[in-house]
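None of the figures in this text is laboratory data; all of them are computed from the coordinates on show. It should be emphasised that the depicted structure is a prediction, and the values quoted were computed from it without experimental measurement. Here Cβ is always computed from backbone atoms with ideal geometry, including for glycine, and neighbour counts include all displayed protein chains.
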Amino acid sequence: MITKNQFGVFFMLTLFTCIWGFYLFNLKSKNPNKKYIFGECVKDYEIPLPIINRNWELDYEKCLDGWSINHFTIYMITGILFPSEYIMVFLLSISCEVMEILGRSRGRLSDIIINTLGYIVGSYISCFMEIRVDITNDYKSLILPCFILAILVFLKISKKRMEQLDKIKIATWKE
């Protein structure tokens, strides 16, 4: 079964997924072609990384963007609070990208790499910090609600993406 630490990872990533959904529906411009801070390039890649774009085609991502920095930060915080669950984080990262592909967003190899690196850094930092989160023993009753909440956020985002698909004019690798 799932340990308290694994549940902590799952809970944190569900919480951040909800914040992502809140941002997309309440703070980001309703115009899918309007520039926004997280979509801006920070550093160009020497070698473009493969993505599956919103049209379910193989494309190539050309730069590190604000979303990548967000991913790194989220996973670093998760690693600090709930360290040493590397396999789970890797599998959740892959699952998230599959959900994004199915939801007509973009599935990025770079997200999996950056999530894993952020988590490794956070787990390393946790060795030097005294931050520990103690989860109550009834955490198992929250697993299903967390899972359902994460799925609902992905479904709502997917619906929004489907409504915007024919209106988006920006490059498929840069959403």
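Working from Cα positions, state the angle (0 to 90°, nearest 10) between the long axis of helix 109-126 and the longest principal axis of the chain. It is inclined by approximately 30 degrees.
Structure note, pairs Lys34/Lys167; Lys62/Lys159; Lys62/Lys167: Cα-Cα distances above 18 angstrom occur for Lys62/Lys159; Lys62/Lys167.
So between Ile94 and Val121, what do we pick up on full extension, going 0.36 nm a residue minus the alpha carbon distance?
Numbers: separation 27, 0.36 × 27 = 9.72 nm, distance 1.87 nm.
Once the chain is fully extended between Ile94 and Val121, it gains 7.8 nm.
For Lys140, the lysines whose Cα falls under 19 Å of its own Cα, not counting residues fewer than eight places away in the same chain, are Lys4. Rounded to the nearest 10 degrees, the angle from helix 4-22 to the longest Cα principal axis of the chain is 30 degrees. Round to the nearest 10 and give me the degree value, 0 to 90, for the angle of helix 66-81's Cα axis relative to the longest principal axis of the chain. Tilt of helix 66-81: around 10 degrees.
Go ahead and run the numbers for FRET between Cys41 and Thr136, Cβ-Cβ distance against an R0 of 41 Å, rounding to 0.05. Write down the numbers at each step before the final one.
On the way: r = 43 Å, r/R0 = 1.05.
About 0.45, to the nearest 0.05.
Run down the aspartates and glutamates and flag those whose C-alpha is under 19 Å from the C-alpha of Lys43, throwing out any fewer than 8 positions away in its chain. Answer for Lys43, where 19 Å is the Cα cut-off: Asp59, Glu61, Asp65, Asp111, Glu175, listed by chain and number. For Trp56, the shell of other residues with beta-carbons less than 11 Å away shows a net charge of +1, using +1 for Lys and Arg and -1 for Asp and Glu. Model label sites at Leu102 and Leu15, defined 7 Å from Cα along the beta-carbon direction, differ in position by 2.6 nm. Extension gain for Thr3-Ile77 works out to 24.8 nm (0.36 nm per residue, less the C-alpha to C-alpha distance).
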